[in-house]
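Structure record follows, encoded as structure tokens.
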Amino acid sequence: QEDLNQLAAHSGVPSEKLLVYALNPFRVSENEAADGLFTELVKRYAVAQEKTSRPSVNLLGFTSLGFHLRANLTSLRRMLETLGISVNVVAPWGSGIDDLAKLPAAWLNIAPYREIGATAAGYLDETFGMPAIYEAPIGVEPTTAWLRKLLEEINRIAGQEGLPALT
């Protein structure tokens, strides 16, 4: 019921250190609120910069709240490492403001969950031209298709940059 912008303005905290994200809890689900806040933080802190010298990705949407997210993150990291692709940032899980600032350095984003991360990946694509993969590699055939799509995107970006392709 309070006017959070007024409270923030009179808090004595510098405005650059405040982010007011007021939602009606009766109209917005927890996942929508988490996705929206994460996206606002990405908008505020992501900074344009050069891409990493070798293929890299951001893994967006991982939180400590999901049932299998730790195992999924471990599996994704192993697949990427096997392909020679490094992980630039995992967010929001375990990331801070410095991590959010370096999101645009990755070649592309992986946002496998609709609930959190997809909106931020869309923003990074619109603002920094970073493509994203939104599918989750679940099951044998979908994982094979996902890996093909990942390699196609990485190799397309490598071709644009004049770098060698991955196989």
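The values are calculated or read from the model by the stated rules, or taken from the named source; none is laboratory data. Since the model is a prediction, treat every value here as computed from it, not as a measurement. Glycine gets a Cβ as well: all are built from the backbone with ideal geometry, and neighbour counts include every protein chain shown. Each accessible area value is taken on the protein alone, full model and side chains, heavy atoms only, with ligands, DNA and RNA left out. Shrake-Rupley method; radii C 1.70, N 1.55, O 1.52, S 1.80 Å.
Find the residue count for region 132-153, including only residues that are buried (at least 16 other Cβ atoms within 10 Å of the Cβ) and either of a type in the set (Ser, Thr, Tyr) or touching a helix residue (DSSP H, G or I) at 6+ places or on another chain (Cβ under 8 Å) (or both).
Residues in region 132-153 being buried (at least 16 other Cβ atoms within 10 Å of the Cβ) and either of a type in the set (Ser, Thr, Tyr) or touching a helix residue (DSSP H, G or I) at 6+ places or on another chain (Cβ under 8 Å) (or both): 7 in total.
Tell me, yes or no, whether region 116-124 has at least one residue that is open to solvent by 10 Å² or more (accessible area, probe 1.4 Å) and at pLDDT below 95. Looking for residues that are open to solvent by 10 Å² or more (accessible area, probe 1.4 Å) and at pLDDT below 95, one finds at least one in region 116-124, hence yes. Listed by first and then second residue, the pairs linking a residue in region 61-79 that is farther than 18 Å from Ala132 by Cβ and open to solvent by 60 Å² or more (accessible area, probe 1.4 Å) to a residue that is at pLDDT below 95 and of a type in the set (Asp, Glu), with Cβ atoms under 7 Å apart and 6 or more places separating them unless they lie on different chains, form an empty list.
Residues of region 118-167 that are on the phi > 0 side of the Ramachandran plot and touching an Asp or Glu at 6+ places or on another chain (Cβ under 7 Å): none at all. Among the residues of region 24-48, those identified as open to solvent by 80 Å² or more (accessible area, probe 1.4 Å) and not in a helix (DSSP H, G or I) are Pro25, Phe26, Arg27.
Taken as a whole, the structure places Gly84 among residues that are on the phi > 0 side of the Ramachandran plot and open to solvent by 20 Å² or more (accessible area, probe 1.4 Å).
Of all residues in region 109-162, those satisfying the criterion of being in a loop (DSSP other than H, G, I, E, B), among the small types (Gly, Ala, Ser) and within 12 Å of the chain's Cα centre (by Cα) are Ala111, Gly117.
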